[in-house]
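S.K.: Here it is, the structure in full.
The values are calculated or read from the model by the stated rules, or taken from the named source; none is laboratory data. The structure displayed is predicted, hence computed values, not measured ones. Cβ coordinates were reconstructed from backbone atoms using ideal geometry, including for glycine residues, and neighbour counts include every protein chain displayed. The protein model used for the area step is the full one, side chains on, heavy atoms only, and it has no ligands, DNA or RNA in it. Shrake-Rupley method; radii C 1.70, N 1.55, O 1.52, S 1.80 Å.
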Amino acid sequence: MQFAPEPLIGRGEVRHQRLRPVEHRFRYPTWFVLLPMRTLRERPCPALRRNRAGWVSFFDRDHGDGGPDALAWIEALLAREGVADADGEIWLHTYPRVLGYVFKPVSFWYCHRRDGTIAAIVAEVNNTFGERHAYLLAGQGVAFGREQTATKVLHVSPFCAVEGRYRFRFMRTTRRTVVRIEHDDGAGPLLLTSVSGTLEPLSAAGLRAALRRMPLLTLGVAVRIHWQ
């Protein structure tokens with residue numbers, strides 16, 4: 001499916017359910033940005049400060065290898081892994097910096113072919129120890145609505161050992177996006193998580209409204225992770 005290459009803001013919620021050793025669940029409101037990175041390379045978004053301070057901003061070094069061009073990093077990763085057909089738009093679903101601070105538990109790179117189909121998806125995971133890992137999902141079976149799997153290799157939670165696998169499912173329409181991630185270990189399903197949101201064009205007014213509703217968005221993400 002082809003999407004108009006305009007930056008978007010999403011407003012929705014995060015859900016998390018741990019099934020063992022004691023069941024625990026929570027849900028929080030959230031907001032995020034969905035950025036057409038190849039379009040932004042040629043036509044920057046005036047509403048979102050990039051690589052410079054602002055109430056809300058996006059810094060390339062918050063992704064990948066920490067370099068000055070996050071798009072160049074994802075393109076190099078795809079080339080290195082033999083994904084040669086991601087010649088369309090590359091969308092990044094992520095948290096921006098808010099008041100200069102950000103913690104991104106997971107960001108998603110949707111790498112499209114020129115005809116709008118998905119060539120690869122990269123789930124870029126950060127933990128609270130400053131470590132980062134990119135899970136590459138690629139091949140003919142990658143598509144919105146289809147389950148994708150990856151072996152867990154990065155420590156994230158003290159309640160979950162570095163074992164088992166993740167099961168991903170992605171959905172996107174012009175107005176909505178949903179990501180579901182489930183973690184299974186040797187005993188079966190352990191974690192059920194999702195992030196969803198309604199999409200609208202990213203504008204200065206939209207960012208101000210989101211900031212008024214949740215002025216401590218990304219700080220709240222880090223605090224809630226430690227609290228939970």
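S.K.: Want the number for ALA47 to ARG175: 0.36 nm per residue separation, take away the alpha-carbon distance, what's left?
M.R.: Full-extension gain reported as 44.1 nm.
S.K.: Highest mean first, how do 34-46, 5-17 rank when packing is the count of other Cβ atoms within 10 Å averaged over residues?
M.R.: 5-17, 34-46
S.K.: Which one, TYR135, GLY145, VAL83, is farthest towards the positive end of the dipole of the chain when Lys and Arg carry +1 and Asp and Glu -1 on their Cβ?
M.R.: Farthest along the dipole direction, towards plus: GLY145.
S.K.: Express the accessible area of the chain per residue in Å², computed with a 1.4 Å probe while the remaining protein chains stay in the model.
M.R.: For the chain, the solvent-accessible area averages 49 Å² per residue.
S.K.: Going by accessible area, probe 1.4 Å, with all protein chains left in place, what is the ranking of ASP115, ASP65, largest first?
M.R.: From most accessible down to least: ASP65, ASP115.
S.K.: Once fully extended, how much extra length lies between VAL153 and ALA76, figured as 0.36 nm per residue of separation less the alpha-carbon to alpha-carbon distance?
M.R.: So the chain would gain 25.6 nm between VAL153 and ALA76.
S.K.: Separate question: Taking all protein chains as present, what is the carbon and sulfur share of the accessible area of region 85-182, in % to the nearest whole number, probe 1.4 Å?
M.R.: 50 percent
S.K.: Then there is this: So what are the chain's ellipsoid semi-axes, whole angstrom, largest first, if each one is the square root of 5 times an eigenvalue of the alpha-carbon gyration tensor?
M.R.: Its equivalent ellipsoid spans semi-axes of 26, 22, 16 Å.
S.K.: Please name which of GLN17, CYS45, THR94 has its Cα lying farthest along the dipole of region 1-98 towards the positive end, using unit charges on Cβ (Lys, Arg +1; Asp, Glu -1) and the Cα centre as origin.
M.R.: Sorting the options by dipole projection puts first GLN17.
S.K.: Mind ordering 22-33, 88-99 by average Cβ neighbours within 10 Å, highest first?
M.R.: Sorting 22-33, 88-99 by mean packing, highest first, produces 88-99, 22-33.
S.K.: Also, I was wondering about something else. Can you find, among ALA205, TYR110, PHE168, the residue sitting farthest towards the positive end of the charge dipole of the chain, where Lys and Arg contribute +1 and Asp and Glu -1 at Cβ?
M.R.: Going by the Cα projections, it comes out as ALA205.
S.K.: Starting from the Cα of LEU192, step 7 Å along the direction of its Cβ; do the same at ASP115; then give the gap between the two resulting points in nm.
M.R.: 3.6 nm
S.K.: Residues of region 76-116 with backbone nitrogen within less than 18 Å of a virtual label 7 Å along the Cα-to-Cβ line of ASP65, please, listed as ranges.
M.R.: Under 18 Å, as judged by backbone N against the label point of ASP65, lie 76-83 of region 76-116.
S.K.: Just how much of ASP69 is accessible, in Å², when a 1.4 Å probe is used and the result is rounded to the nearest 10?
M.R.: 60 Å²
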